[in-house]
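Trainee: Following this message is one structure expressed as structure tokens.
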Amino acid sequence: MPKENKKRGRRLKDKPYKKEEKEDTLPIVSIPSEFDEKPDDPSQQDEDPVAHPQAFYGLLDSTQIEYLTQVSGIIEANAFSSDEERDQLFEALWTECKGVELKVVTDPTGSKVFERLLLSATKDKLMEVNQAFASRYCDLATQRFASHCLQTLLNCLRSCVVDEVKYDHELAQSTMIDSVKTPAIACILDMYKELTPEIYRVAFHPFGSHVFRSLLMVLSGHAIEQESAKSVLSRKRALGNKKRSGVEIADSLLYDSYKTPEVFKQSVLEILSAMTDGLSTEEARQLASDPISSPVIQMFIELEDGFMRKDMLGIIFPSMSGEPDFLTISYLENLLTSPVGSHFLENVISNCPISFVDYICFSFIVPRLDIISKAQGFSYAVKAIMGRLNRTNAAEFGKILLARVSDLTLTNAILLNCIILGASRHSILTTELMEKITEITSKESKNLLLDLLEIEGFESISETQRSKLNDSIKQRSLLIESLNAKLPQMSIKIADAFIEFPAAAKLKFMQNTVFSHVAESIYKNSELPIVTRKRLMNDLDGHFVELSCSAGSSRVVDACHILTAQGMNHYRERIAKELIQGRETLMRNPYGRIVWRNWNMDMYKRDFGLWKRNQQK
């Protein structure tokens, strides 16, 4: 008889939040606006998939799917002998996709290929794609695969808008747009007008929210941070990716802020006004805590200072002075214990007025430090607060927090790391942090590095230990990296502790995928005394080829290039000679090839004198 499917690993764990509604279900919020008419019964909003059936544009046949799969592999491998060959392939792809764009973007494989096509498209091609998408924006924005393509189209049109604004200065004051002279701006406005009637369905849809935020970024001229790709809440890794499968993207066109035309500013004002008017505190807090709508609310808070003074922050926190009321305290505590809420609070603190930062810090956190200091998201809030407070208040807040750290448990390691990063911005608490580290590590063991990592002895170091096995070790490693980068006196002690390792333990430590980052931070520090740097290099002779072929230790070999930058040219030449002798081994290993390229060994073979002069520079 058939067996029951067993759940293992992550499948067995409970999700951080449970979706009780269907995929298209939106937060039930009764918001009157000029866009959507408020239904008589909020529970009867058009959230049923039957009310908004997913549009179907047909399926690609087996021949088309096979062709797109092959092309996708070629592009991902970047297997082009020249730019002309790549251009020819892309031109052939445009021909194949002509007339079936909607089928391609709603297909799993086709959407990936089409997204890369958009990244390399000219302005004329983008206009053709926009024409094919016209009158179907809402359906495409809420489709799993097409939403990625629509978001990429917006980001590519952004560069065209920048050019049009640059060469037509009258757009800054004009509210009338000539679709012939400024086709990209007209495309963006057409998309905005088409999404307007269903703005709430798109804004709070699992897939549509990404398109909605991209649209807001273009309309407001908001800069796209590259780090946003790493955010848990961005839910779109490709958003901040500069290079995808051999396609280069210009930083200044896709990521920098730009001066928007007046008609764009009016559109943003309409959206912000419609979203905030009539919104109650309870409804706003519900939206801020929802994993789908929270990034949208965060973006409103980022944008509203530049466009309007009636802010979403004031709705969520009606009172920003004095002692917070019971409901506000309860809400803030819930934010700190939730992954979504903690990211929301961190983002809010990073973008809110300084008066709200002081309110959160000294009216909420300090009086309740014993209760909330162990919360999952507390450290993220601390990091944001330390970055916003002035030098005096940051020092006062840091001293209060340091008094809470008595050991290096997982929570305290994260907190201490955030304090170090925040204190380094103001160049404060150096003495206090040194004293705290000395107090925590004053144990029977004489090796500081082993104490910080909580390793019993050199024999406990493993080459294959993974960060997923012990999150505490990973956080301790991050703490040591911060100590090396931010506290020079502590970095010397850590380097001396690493020198005490036996030679075999050093090699294992470097090849460990977690500890290799610690070793890299040690070898990247060119400010260490030259005697210490020489001692760090002594035990590595004869092992550079072996280290270069490891996923972990290859980054340490790259860091040796920095360590030997001043007064150690002979060490650098010895490493290069060893790499030359092991060339065949390095060329057969992917990490070895990276080390070979980073050390510029091809130049070494061609012209040693030129290589040596470049190294000295």
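Trainee: Considering only residues of segment 378-414 that are over 27 Å from ILE455 (Cα atoms) and among the β-branched types (Val, Ile, Thr), which is most open to solvent (accessible area, probe 1.4 Å)?
Mentor: Among them, the one singled out is THR392.
Trainee: Would you please list the contacts, defined by Cβ atoms under 7 Å and residues six or more apart or on different chains, that run from a residue in segment 63-87 that is under 17 Å from SER111 (Cα atoms) to a residue that is basic (Lys, Arg) and open to solvent by 70 Å² or more (accessible area, probe 1.4 Å)?
Mentor: Within 7 Å, the pairs are SER72/LYS112.
Trainee: Failed condition for GLN465, given (1) polar (S, T, N, Q); (2) part of a helix (DSSP H, G or I); (3) at pLDDT below 90, with all others met?
Mentor: It is condition (2) that GLN465 fails.
Trainee: Here are some residues: SER350, SER355. Which one is in contact (Cβ under 8 Å) with a residue 24 or more places away in the chain and within 25 Å of the chain's Cα centre (by Cα)?
Mentor: SER350
Trainee: So, ASP496, is that one at pLDDT 90 or above, among the acidic types (Asp, Glu), under 18 Å from ALA559 (Cβ atoms) and buried (at least 16 other Cβ atoms within 10 Å of the Cβ) or not?
Mentor: yes
Trainee: For residues that are polar (S, T, N, Q) and open to solvent by less than 10 Å² (accessible area, probe 1.4 Å), scanning just segment 326-372, find the one that is nearest to ASN412 (Cα to Cα).
Mentor: Checking each candidate, the answer is SER342.
Trainee: Only one of ILE414, ILE420 is under 29 Å from LEU327 (Cα atoms) and in contact (Cβ under 8 Å) with a residue 60 or more places away in the chain; which?
Mentor: Being under 29 Å from LEU327 (Cα atoms) and in contact (Cβ under 8 Å) with a residue 60 or more places away in the chain holds for just one of ILE414, ILE420, which is ILE414.
Trainee: Under the condition of being free of Cβ contacts under 8 Å to residues at least 40 places away in the same chain and open to solvent by 40 Å² or more (accessible area, probe 1.4 Å), which residue from segment 533-553 is nearest to HIS570 (Cα to Cα)?
Mentor: Only one residue fits best here, namely LYS534.
Trainee: Looking at segment 292-325, which of its residues are acidic (Asp, Glu), open to solvent by 50 Å² or more (accessible area, probe 1.4 Å) and either in a helix (DSSP H, G or I) or at pLDDT below 90 (or both)?
Mentor: GLU302, ASP305, GLU323
Trainee: Listed residues ALA184, ALA92; which is part of a helix (DSSP H, G or I), under 19 Å from PHE264 (Cβ atoms) and of a type outside the set (S, T, N, Q)?
Mentor: ALA184
Trainee: Can I ask one more? Here is a check on your reading of the model: is GLY592 in a helix (DSSP H, G or I) and touching a residue at least 40 places away in the same chain (Cβ under 8 Å)?
Mentor: yes
Trainee: While we're on this one: Working carefully through the options GLU115, GLU194, GLU170, GLU128, find the one that is crowded, with 20+ Cβ neighbours inside 10 Å, assigned to a helix (DSSP H, G or I) and charged (D, E, K, R).
Mentor: Among GLU115, GLU194, GLU170, GLU128, only GLU115 is crowded, with 20+ Cβ neighbours inside 10 Å, assigned to a helix (DSSP H, G or I) and charged (D, E, K, R).
Trainee: Quick one: ASN78 ticks every box in (1) under 25 Å from TYR57 (Cα atoms); (2) under 30 Å from the mean Cα position of the chain (by Cα); (3) open to solvent by 20 Å² or more (accessible area, probe 1.4 Å) bar one, so which box is it?
Mentor: (1)
Trainee: Please enumerate the residues belonging to segment 139-151 that are part of a helix (DSSP H, G or I) and open to solvent by 10 Å² or more (accessible area, probe 1.4 Å).
Mentor: ASP139, HIS148
Trainee: Filter segment 371-415 down to the residues that are assigned to a loop (DSSP other than H, G, I, E, B) and charged (D, E, K, R), then identify the one that is nearest to the chain's Cα centre (by Cα).
Mentor: Among those residues, the one meeting the criterion is LYS374.
Trainee: For segment 273-291, give me each residue that is within 26 Å of the chain's Cα centre (by Cα) and either surrounded by fewer than 14 Cβ atoms within 10 Å (Cβ to Cβ) or among the hydroxyl-bearing types (Ser, Thr, Tyr) (or both).
Mentor: The answer is SER289, and nothing else.
Trainee: Among the residues of segment 471-482, is there at least one that is under 20 Å from ALA395 (Cβ atoms), assigned to a helix (DSSP H, G or I) and either open to solvent by less than 30 Å² (accessible area, probe 1.4 Å) or not hydroxyl-bearing (Ser, Thr, Tyr) (or both)?
Mentor: Scanning segment 471-482 turns up at least one residue that is under 20 Å from ALA395 (Cβ atoms), assigned to a helix (DSSP H, G or I) and either open to solvent by less than 30 Å² (accessible area, probe 1.4 Å) or not hydroxyl-bearing (Ser, Thr, Tyr) (or both).
The values are calculated or read from the model by the stated rules, or taken from the named source; none is laboratory data. It should be emphasised that the depicted structure is a prediction, and the values quoted were computed from it without experimental measurement. A quick note on method: Cβ atoms are made from the backbone with ideal geometry, for glycine too, and the neighbour counts reach across all protein chains shown. Side chains included, ligands, DNA and RNA excluded: accessible areas come from the protein's heavy atoms. Shrake-Rupley method; radii C 1.70, N 1.55, O 1.52, S 1.80 Å.
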